Each structure stands twice: as structure tokens, then as C-alpha cells.
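J.: If you scroll down you'll find the structure; I have some questions about it.
The values are calculated or read from the model by the stated rules, or taken from the named source; none is laboratory data. Treat the numbers as computed from the prediction; the structure is a model and nothing was measured. Note that each Cβ is placed from the backbone with ideal geometry, even for glycine, and that neighbours are counted across all protein chains shown.
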Amino acid sequence: MKTKLIATIAACALAGSAGAQVLNAPVDFTFTSWDGVVSSGIAGNPSYNNPANTANGSGIASGPGPNDGIVFDLPAQTPTTFIYTFGAAETITTFSINTLVGGAVDFGIRDFTLNLTDGTTTLATISDTAALNNQEQVFLIGASGVTTAELIVNSAYGIASSAEFSEIRFNTVPEPSSAILLGLGGLGFLARRKR
């Protein structure tokens, strides 16, 4: 009976370690820097003139809202690079983005490259095309020991001289050691109750 209980708790701990965990801004990662230029027509609008809005924790699935995105001049700086820093080294499995659709002319970002690094070495790279759909779009990318993400925007939809996006997000796999410790804690609790 005791052996069966230990095996069950260990299996639960390992199964828990396989589930994805959402890394949300600005708790798990933050905007660090960019080399872009805010679009002149939007410079006075704090909802769309601050690149830190892309990692403020709102707008990944629901689209534009207060303080929810960046509109930038892509021709003035092509490509435009956004840098994000993680609070701890992470194992990243997916990357999500919302292209911020709205207004008379939509110019959400289109072609992009995402580099995951440990601060010095590139661990994983994807180059892809985002859809103009005002929804969370998920892209697969995998790397361990990630401390920095570089989002490089190469092009945008529409004919305007601007590009825009609302929010980014990352998913990670929790460390197995954390899940095992939780399982062992549960085992200790059950053993104590049995006495």
C-alpha cells in the first residue's frame, strides 16, 4: 500500500512537470529596450507610444485596450528590434503575439524573427509571419536557459509607414525538480496524517 502511494505521488509529480505554464509580463519578463521610432501621428498618445506596453500583461487575446500596444515607424528603422528580459533562466516552448488590429488602416506586424538567448549565445530562432486577426497567435520555439528574447520586426501589413502590435507572451515547462518537491511534500503530509 505504501509503495503504491509513493509511486502514485511520484507519477503525479512527473506528470505535473510536463504541463505548460504561461509566463506573463511584467511579472515573469519585462521589456528592456528597442531601437525603434514611435510613429509621429501617435507620439502624443500614451496608449500606443510606449514600447513597454507590449509587455504590460494586457491585450494578448482581447486586442486593443488602454495602454495596450506600440505603433512605430518601420521604414525609419527596418528591421526594428525589441528586447525582453526574463526574471530567471527559463525553458521556453512557445511564443504568442497579438498584431493589434484596429483603425481605418491596419498595419499589424507581418514578418518577424524571434531569437531566444542566454544573454550571449543564441539558443533558438524562428522566422515566421503573423496573421492580421486581432487574436493570440502561438508559434512553437524551444530552448532551455533562456534569459533574453529578441523580437525583430521585418515588415507590416498595409501601405502605411507604421507597424504595430499589442502584446507578447511566452510559455514554459516547469522544472521537474519543482514538481517533484511538491510531490514529496504531499507524501510527507500523507505520512504524517497516517501516524
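J.: Just to verify a result, which residue in the range 104-154, among those that are assigned to a loop (DSSP other than H, G, I, E, B) and among the aliphatic types (A, V, I, L, M), is farthest from Arg169 (Cα to Cα)?
T.: For the range 104-154, the residue satisfying everything is Ala104.
J.: I'm checking my understanding of the structure. Among residues of the range 155-174 that are of a type in the set (Phe, Trp, Tyr) and part of a strand (DSSP E or B), which one is modelled with the highest pLDDT?
T.: Phe170
J.: Restricting to the range 73-85, and then to whatever is hydrophobic (A, V, I, L, M, F, W, C) and crowded, with 22+ Cβ neighbours inside 10 Å, can you tell me which residue is nearest to the chain's Cα centre (by Cα)?
T.: Phe82
J.: List the number of the failed condition for Leu116; all other conditions in (1) at pLDDT below 95; (2) within 21 Å of Asp28 (Cβ to Cβ); (3) of a type outside the set (Val, Ile, Thr) hold.
T.: Leu116 satisfies all of (1) at pLDDT below 95; (2) within 21 Å of Asp28 (Cβ to Cβ); (3) of a type outside the set (Val, Ile, Thr) except (1).
J.: Going through Gly65, Gly57, Gly36, Gly19 one at a time, which residue ends up being within 22 Å of Ala156 (Cα to Cα), modelled with pLDDT under 85 and not polar (S, T, N, Q)?
T.: So the residue among Gly65, Gly57, Gly36, Gly19 that is within 22 Å of Ala156 (Cα to Cα), modelled with pLDDT under 85 and not polar (S, T, N, Q) is Gly65.
J.: Pick from Thr148, Thr113: which is in the same structural domain as Ser166 (by TED's automatic domain parsing), in contact (Cβ under 8 Å) with a residue 60 or more places away in the chain, under 21 Å from Phe72 (Cβ atoms) and hydroxyl-bearing (Ser, Thr, Tyr)?
T.: None of the other options fit; the residue is Thr148.
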